[in-house]
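Step one of this worksheet: look at the structure below.
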């Protein structure tokens, strides 16, 4: 699959509360799939319109507060293997507090580093190569 993002995707759990800014007013709760410096990908039960402008709040354990954003829907896909109508939606940041995004990325990187270090320490030390 061709990668179109200019930033590394980070898998991150969280909820996103969307509000449409153009067209008919609507609100929805969707689920965060991944996050990067340029935007987010979410799972949505409803198909969002390509190119629509949204206001949203991202709620995750990585940040002590909601990350308020404005973004544009860049892609909407429905995986063929999915029996439920669960769309994957890519939203590009248009307005966001970039300092909070950098803070989130730093906290995620530090957490991942601590987890890798703990895994290394927990790994058994072998004096031989098991075959």
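Nothing in this text is a laboratory measurement; each read-out follows from the coordinates by a stated rule. All of these numbers come straight from a predicted model, not from anything done at the bench. A quick note on method: Cβ atoms are made from the backbone with ideal geometry, for glycine too, and the neighbour counts reach across all protein chains shown.
Springs between alpha-carbon pairs under 10 angstrom, Gaussian network model over the chain: which of 55, 92, 65 fluctuates most?
65
To make sure I understand, if each residue's beta carbon is the centre and we count other beta carbons within 10 Å, what order do 56, 93 fall in, fewest to most?
Least to most surrounded, the residues fall as 93, 56.
Using only the Cα atoms of the stretch 56-113, construct the convex hull and provide its projected area averaged over every direction, in square nanometres to one decimal.
The orientation-averaged projected area of the Cα hull of the stretch 56-113 comes to 5.4 nm².
Measuring from a point 7 Å past the Cα of residue 57 along Cα-to-C-beta, which residues in the stretch 12-46 have an amide N at less than 17 Å?
Flagged as within label range: 14-21, 26-32.
Any idea how far apart residue 108 and residue 64 come out in nm if each label point goes 7 Å out from Cα toward Cβ?
About 2.1 nm, to one decimal.
Which residue fluctuates the most in the chain, going by a Gaussian network model with Cα springs under 10 Å, if the choices are 70, 120, 47?
Of 70, 120, 47, the most mobile in the Gaussian network model is 120.
Grab the alpha carbons of the chain, take their convex hull, and tell me the volume per residue in Å³.
165
Run the numbers on the chain and let me know its relative contact order in percent, using alpha-carbon pairs under 8 Å that are six or more apart.
Dividing the mean separation by the residue count of the chain yields 20 percent.
What value, in deg cm²/dmol to 500, does the helix sum -39500 (n - 2.57) over DSSP H runs of n ≥ 4 give at 222 nm once divided by the residues of the chain?
Rounded to the nearest 500, it is -7000 deg cm²/dmol.
Determine the gain in length on full extension of the stretch residue 97-residue 31; use 0.36 nm per residue of separation and subtract their C-alpha separation, reporting nm with one decimal.
Contour length minus Cα-Cα distance gives 21.7 nm.
Please find, in a Gaussian network model of the chain (springs between Cα atoms separated by less than 10 Å), the residue of 46, 115, 27 whose mean-square fluctuation is greatest.
Comparing 46, 115, 27 in a Gaussian network model of the chain, the most mobile one is 115.
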